[in-house]
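What follows is a single structure, written as structure tokens, with notes after it.
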Amino acid sequence: MKTKLVIVESPSKSKTIEQYLGEEYIVLSSKGHIRDLAISGVGGLGLDIENDFAPKYEIIKEKKKVVKELKDALDGVLEIYLATDPDREGEAISWHLKEVLKINDRPYKRVIFNEITKEAVIKAFDDPRDIDLDLVSSQETRRILDRIIGFKLSKLLQNKIKSKSAGRVQSATLKIIVDKEKEIEAFVEDEFWKVKAEFPGFTAELAKFNNKIIVLKNEQETDELLGTLNKGFLVSSVETKNRNKEAKLPFTTSSLQQEASMKLNFSSRKTMLIAQKLYEGIDLGTETEGLITYMRTDSTRISNTFVEPAIKYLDNLYGIAYVGKPKVVKKKANVQDAHEAVRPTNVANTPSKVKKYLSKDEYNLYTFIFERTMASIMKPAIIATKTIELTNNKSLFKASAQDLIFDGYLKIYSKYEKIDLSELPDLAEKSTIEAAEVQKTQHFTKPPARFSEARLIKEMEDLGIGRPSTYSQTITTLKTRKYVSVVEKKFTPTEQGTLTTEKLDEFFGQIISVDYTARMEKVLDEISLGKENQFEIISKFYKSFIPMVDNANKNMEKVQAKFTGEDCPKCGSPMVFRTSRYGTFEACSNFPTCKYIKTQEFEKPVVVSTGVKCTKCGKGEIVERLAKSGRNKGKTFYACNNFPSCKNMLFGKPTGGQCPKCGSLLIDDNKGGVICQETKKCGYKEGDKL
């Protein structure tokens, strides 16, 4: 008989855990949060403002069925285990479950584990604890602050400037992108010149003049310096130094998102979705097992229980010369070290061993995590850097090259981290060498680079904006709200995004700022440790924030719709441009009295005929078309104009001839040759012997 109920967040997680526990356990899922702040009360905030901002919760509509199933499952249960994720959000979900299911009158325990393996789960159930109400309070404070800011600012901006939403972290992140764009726009390029001397087998670059680092600002200065050079260069110094190149630390949530973006071309959202699946459990044939530890962490620490078998693995694979030890780093401020870095749960689950159970993306991410963790406990690589200094009158030229002496951790990590290797000739000090050529080249300073997703996440982390677990959602929101566009994988603010930031700067600069958002994260950390009072923080914020909202409602100028230059054919009022989730459209300015919307008229594409009769149906002719979707979108192809009756399609221009082998059309192969359109079936190429 099942007398013990375990509640987790995820259905896939519940299936994994149920395998590890005895027959008396039943494992069910809450499928995430089961309730949220109501939208009643003052301003729809779901808060009792007059009663210490007491929150009013209601069950999420889509979760009512889940709640009923969980309540029904309580019948006959003697013990309840709340095993949601090991973070503030998970702690809050456990607390909500306890409150909604009214399980105060029967034994219940909070169970946490950092990895979903049989050993870790059993150990967690042997050592349960109570719900940490300080963690719950921290999460609740965040949710309340975000609700106040989100509801008040979103309504204001929708009314005044037609922006869709605002938020404490979202708007601070948008400001970073907008400020960077303004920095780029204000950038004024400076001219500078470089001088290089070409020698047999290597190039040396001007480094100093008259023992000082010199910046050549124009061609005249450059020519004057060139005029001081003699034909021969004195080899003044030849030096070789070995240096250690240490492996990077194991992944945190943030570094995993950044590195997966740069090395695997994954978005942060994709990375977290795949990592979630690897954490919750993969069917390995004999059992389902979590392959990585919890993927939301600030820590780079890895436990001895993992390090010891990892060292044996590395020793067996590469030899003791490659085995190092984990790096110990000083804990940074605002870092939560409750659980370990993102690492494999079991050294025995090598990428090659589990590959057949994973999709391509799952395999790539798991391999990255596995090899990053292993590399972090390996010896550093040793790199020899050779530097040659050459003097010519008052000028000093330098040439450098590096060679790999010992690959160390790169033995396993070289596909993710490349070392530029090069050679310099053996030259004797005090010898003289002549340059084959001395070149001058003009350059200009470049404006600051826009943020890629990886660099934006790094910036958010450095500035203390949000938490690593929220980076992905924040970036996704900015995209869906059309506050930013992504051009060549770089973020550019849209006109609406810039306007939103400017208005928030003008009226809410004290609240919607990088500094304030970072300070609030520290305050939330203090609440989680029981060092700050939730009510005092919310009350202080509310009393300073609401006057700002009132002032903005009164003084923020309302953006007027842009006129199209035409009048409404129904009522004669001016037509204006409006926007919706589907894009820009033209409508009557007298809405809602007049609801006229101009329908878009699309020009039909001109059909370009090839003059070649279709050999499949014998009725139509082959015409030129453009692919509208799929991986070939925008590319030209050729098809029968008798579509959909005839679905003959060619991805090469028909020549007008017929295949002597099968009778199908001959097409241009775009390489100067002619082939049969039935490439796979027939395979004929012009010139083949029949």
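If I ask for residues that are under 13 Å from SER163 (Cα atoms) and either at pLDDT below 95 or not polar (S, T, N, Q) (or both), which ones from region 495-514 would you list?
Step one: of region 495-514, the residues under 13 Å from SER163 (Cα atoms) are 495-504.
Selection gives GLU495, GLN496, GLY497, LEU499, GLU502, LYS503, LEU504.
Looking at region 357-415 only, could you name the residues that are acidic (Asp, Glu) and either assigned to a helix (DSSP H, G or I) or in contact with a helix residue (DSSP H, G or I) (Cβ under 8 Å, 6 or more places away or on another chain) (or both)? Give the derivation first.
In the first step, residues of region 357-415 are kept if they are acidic (Asp, Glu); the result is 361-362, 371, 389, 403, 407.
Listed by number, the residues that qualify are ASP361, GLU362, GLU371.
Among the residues of region 219-239, are any assigned to a loop (DSSP other than H, G, I, E, B), buried (at least 16 other Cβ atoms within 10 Å of the Cβ) and among the β-branched types (Val, Ile, Thr)? Reasoning before the result, please.
Going residue by residue through region 219-239, those that are assigned to a loop (DSSP other than H, G, I, E, B) are 227-231.
Next, only the ones that are buried (at least 16 other Cβ atoms within 10 Å of the Cβ) stay: 229.
From what is left, the residues that are among the β-branched types (Val, Ile, Thr) are none.
No, region 219-239 has no match at all.
Could you grab the pairs with beta carbons closer than 8 Å, sequence gap of 6+ or different chains, first residue in region 637-665 and in contact (Cβ under 8 Å) with a residue 24 or more places away in the chain and among the aromatic types (Phe, Trp, Tyr), second one open to solvent by 30 Å² or more (accessible area, probe 1.4 Å) and not in a strand (DSSP E or B)?
Once the first residue is in contact (Cβ under 8 Å) with a residue 24 or more places away in the chain and among the aromatic types (Phe, Trp, Tyr) and sits in region 637-665, its partners that are open to solvent by 30 Å² or more (accessible area, probe 1.4 Å) and not in a strand (DSSP E or B) give TYR638/PHE651; TYR638/LYS653.
For region 208-218, what are the residues that are outside any strand (DSSP E or B) and aliphatic (A, V, I, L, M)? First the steps, then the outcome.
Here is the first cut: in region 208-218, the residues outside any strand (DSSP E or B) are 210-211, 214-215, 217-218.
Of everything in region 208-218, those that are outside any strand (DSSP E or B) and aliphatic (A, V, I, L, M) turn out to be ILE214, VAL215.
Look at region 102-120 and say how many of its residues are more than 30 Å from the chain's Cα centre (by Cα) and either open to solvent by less than 10 Å² (accessible area, probe 1.4 Å) or without any contact (Cβ under 8 Å) to a residue 12 or more places away in the chain (or both). Let's see the steps before the verdict.
Looking only at region 102-120, we keep the residues that are more than 30 Å from the chain's Cα centre (by Cα), and these are 102-111, 118-119.
Adding the requirement that they be either open to solvent by less than 10 Å² (accessible area, probe 1.4 Å) or without any contact (Cβ under 8 Å) to a residue 12 or more places away in the chain (or both) leaves 102-105, 110-111, 119.
Going through region 102-120 one residue at a time, the tally reaches 7.
Would you please name the residue that is nearest to the chain's Cα centre (by Cα), looking only at residues in region 650-665 that are under 21 Å from LEU626 (Cα atoms) and open to solvent by 20 Å² or more (accessible area, probe 1.4 Å)? First the steps, then the outcome.
Initially, region 650-665 is screened for residues under 21 Å from LEU626 (Cα atoms), giving 650-656, 665.
Checking the rest, the ones that are also open to solvent by 20 Å² or more (accessible area, probe 1.4 Å) come to 651, 653, 655-656.
Numbers: PHE651: 36, LYS653: 41, THR655: 47, GLY656: 50 Å.
The selected residue is PHE651.
Return the pairs, sorted by first residue and then second, in which the second residue is of a type in the set (Ser, Thr, Tyr) and at pLDDT 95 or above, the first residue lies in region 206-218 and is open to solvent by less than 50 Å² (accessible area, probe 1.4 Å), the beta carbons are less than 8 Å apart, and the residues are 6+ apart or on different chains.
Partner pairs satisfying both residue conditions: LEU206/SER395; LEU216/THR222.
Pull up region 28-62, narrow it to residues that are closer than 26 Å to TYR279 by Cα and of a type in the set (S, T, N, Q), then point me to the one that is surrounded by the fewest Cβ atoms within 10 Å (Cβ to Cβ).
Among residues in region 28-62 that are closer than 26 Å to TYR279 by Cα and of a type in the set (S, T, N, Q), the one surrounded by the fewest Cβ atoms within 10 Å (Cβ to Cβ) is SER29.
Kindly indicate the residue of region 414-435 that is of a type in the set (Asp, Glu) and open to solvent by 40 Å² or more (accessible area, probe 1.4 Å) and also farthest from ASN393 (Cα to Cα) among those meeting that condition. Quick ask: steps written out before the conclusion?
Within region 414-435, the first condition is being of a type in the set (Asp, Glu), and the residues that meet it are 417, 420, 423, 426, 429, 434.
Add one more test, that the residue is open to solvent by 40 Å² or more (accessible area, probe 1.4 Å), and what stays is 420, 423, 426, 429, 434.
Values: ASP420: 31, GLU423: 26, ASP426: 23, GLU429: 16, GLU434: 13 Å.
Applying the filter and picking the extreme gives ASP420.
Quick check on my filter: what residues within region 60-92 are over 16 Å from LEU5 (Cα atoms) and aliphatic (A, V, I, L, M)?
So in region 60-92, the residues over 16 Å from LEU5 (Cα atoms) come out as 60-65, 85-92.
Within region 60-92, ILE60, ALA92 meet the criteria.
ILE311 - would you say it is open to solvent by 20 Å² or more (accessible area, probe 1.4 Å) and either touching a Gly at 6+ places or on another chain (Cβ under 9 Å) or outside any strand (DSSP E or B) (or both)?
Values: open to solvent by 20 Å² or more (accessible area, probe 1.4 Å): yes; either touching a Gly at 6+ places or on another chain (Cβ under 9 Å) or outside any strand (DSSP E or B) (or both): yes.
Considered against the rule, which asks whether it is open to solvent by 20 Å² or more (accessible area, probe 1.4 Å) and either touching a Gly at 6+ places or on another chain (Cβ under 9 Å) or outside any strand (DSSP E or B) (or both), ILE311 comes out as yes.
Only one of SER452, SER400 is surrounded by fewer than 20 Cβ atoms within 10 Å (Cβ to Cβ) and over 25 Å from ALA186 (Cα atoms). Can you tell me which? Lay out the reasoning, then the answer.
Numbers: SER452 fails: over 25 Å from ALA186 (Cα atoms).
Being surrounded by fewer than 20 Cβ atoms within 10 Å (Cβ to Cβ) and over 25 Å from ALA186 (Cα atoms) holds for just one of SER452, SER400, which is SER400.
Determine, yes or no, whether ILE405 is among the aliphatic types (A, V, I, L, M) and either at pLDDT 95 or above or open to solvent by 80 Å² or more (accessible area, probe 1.4 Å) (or both).
Details: among the aliphatic types (A, V, I, L, M): yes; either at pLDDT 95 or above or open to solvent by 80 Å² or more (accessible area, probe 1.4 Å) (or both): yes.
When the stated conditions are applied, ILE405 passes them.
Considering every residue within region 439-449, establish whether at least one is within 17 Å of the chain's Cα centre (by Cα) and at negative phi. Give the steps one after another, and end with the answer.
Narrowing region 439-449 to residues within 17 Å of the chain's Cα centre (by Cα): none.
Checked against the condition, which is being within 17 Å of the chain's Cα centre (by Cα) and at negative phi, region 439-449 yields no hits at all.
Within region 63-89, how many residues are open to solvent by 50 Å² or more (accessible area, probe 1.4 Å), in contact with a Lys or Arg (Cβ under 9 Å, 6 or more places away or on another chain) and not hydrophobic (A, V, I, L, M, F, W, C)? Lay out the reasoning, then the answer.
Narrowing region 63-89 to residues open to solvent by 50 Å² or more (accessible area, probe 1.4 Å): 64-65, 68-69, 71-72, 75, 78-79, 89.
Going one step further and asking which of them are in contact with a Lys or Arg (Cβ under 9 Å, 6 or more places away or on another chain), we end up with 71, 78-79, 89.
Right, trim to not hydrophobic (A, V, I, L, M, F, W, C) and you get 71, 79, 89.
The total comes to 3.
Just checking, which of LEU256, LEU157 is in contact (Cβ under 8 Å) with a residue 12 or more places away in the chain, crowded, with 17+ Cβ neighbours inside 10 Å and more than 26 Å from the chain's Cα centre (by Cα)? It would help to see each step written out before you state the result.
Details: LEU256 fails: more than 26 Å from the chain's Cα centre (by Cα).
The match here is LEU157.
Tell me whether region 362-380 contains one or more residues that are under 30 Å from LEU427 (Cβ atoms) and in contact (Cβ under 8 Å) with a residue 60 or more places away in the chain.
The initial filter retains those residues of region 362-380 that are under 30 Å from LEU427 (Cβ atoms), namely 380.
Filter once more, so that each one left must be in contact (Cβ under 8 Å) with a residue 60 or more places away in the chain: 380.
Yes: region 362-380 contains one or more residues that are under 30 Å from LEU427 (Cβ atoms) and in contact (Cβ under 8 Å) with a residue 60 or more places away in the chain.
Within region 258-269, which residues are among the basic types (Lys, Arg) and at pLDDT below 95?
Of the residues in region 258-269, the ones among the basic types (Lys, Arg) are 263, 269.
Result: ARG269, single match.
Criterion first (in contact with an Asp or Glu (Cβ under 8 Å, 6 or more places away or on another chain), within 24 Å of GLN276 (Cα to Cα) and of a type in the set (D, E, K, R)) does ARG467 satisfy it?
Details: in contact with an Asp or Glu (Cβ under 8 Å, 6 or more places away or on another chain): yes; within 24 Å of GLN276 (Cα to Cα): yes; of a type in the set (D, E, K, R): yes.
Yes: the conditions hold for ARG467.
Taking LYS558 as the residue in question, decide whether it is basic (Lys, Arg) and at pLDDT 95 or above. Lay out the reasoning, then the answer.
Working: basic (Lys, Arg): yes; at pLDDT 95 or above: no.
So LYS558 does not fit the description; no.
Within region 280-299, count every residue that is touching a helix residue (DSSP H, G or I) at 6+ places or on another chain (Cβ under 8 Å) and assigned to a loop (DSSP other than H, G, I, E, B).
Counting residues in region 280-299 that are touching a helix residue (DSSP H, G or I) at 6+ places or on another chain (Cβ under 8 Å) and assigned to a loop (DSSP other than H, G, I, E, B) gives 12.
May I ask you to say which residue of ASP525, ASP505 is within 28 Å of the chain's Cα centre (by Cα), open to solvent by less than 30 Å² (accessible area, probe 1.4 Å) and not aromatic (Phe, Trp, Tyr)?
Numbers: ASP505 fails: open to solvent by less than 30 Å² (accessible area, probe 1.4 Å).
Exactly one residue qualifies, and that residue is ASP525.
When region 529-548 is examined, which residues are found to be touching a residue at least 24 places away in the same chain (Cβ under 8 Å) and open to solvent by 70 Å² or more (accessible area, probe 1.4 Å)?
Across region 529-548, the qualifying residues are LEU529, PHE535.
If I filter region 184-201 for residues that are over 29 Å from LYS440 (Cβ atoms) and either buried (at least 16 other Cβ atoms within 10 Å of the Cβ) or small (Gly, Ala, Ser) (or both), do I get at least one hit? Walk me through it before giving the result.
From region 184-201, those over 29 Å from LYS440 (Cβ atoms) are 185-186; that's our starting set.
Filter once more, keeping what is either buried (at least 16 other Cβ atoms within 10 Å of the Cβ) or small (Gly, Ala, Ser) (or both): 186.
Within region 184-201, one or more residues are over 29 Å from LYS440 (Cβ atoms) and either buried (at least 16 other Cβ atoms within 10 Å of the Cβ) or small (Gly, Ala, Ser) (or both).
Can you name the condition, by its number, that ASP132 falls short on among (1) of a type outside the set (Val, Ile, Thr); (2) in contact (Cβ under 8 Å) with a residue 40 or more places away in the chain; (3) under 17 Å from SER29 (Cα atoms)?
Result: ASP132 passes all but (3).
State which residue pairs qualify: first residue farther than 27 Å from VAL549 by Cβ and inside region 476-503, second residue open to solvent by less than 40 Å² (accessible area, probe 1.4 Å) in any location, beta carbons under 6 Å apart, and separation of 6 or more residues or different chains.
Short answer, once both residue conditions are applied: SER485/THR492; SER485/THR494; LYS489/SER452; LYS490/SER452; PHE491/ILE177; PHE491/PHE451; PHE491/VAL484.
The values are calculated or read from the model by the stated rules, or taken from the named source; none is laboratory data. Since the model is a prediction, treat every value here as computed from it, not as a measurement. Note that each Cβ is placed from the backbone with ideal geometry, even for glycine, and that neighbours are counted across all protein chains shown. Keep in mind that these areas ignore ligands, DNA and RNA; they rest on the heavy atoms of the full protein, side chains included. Shrake-Rupley method; radii C 1.70, N 1.55, O 1.52, S 1.80 Å.
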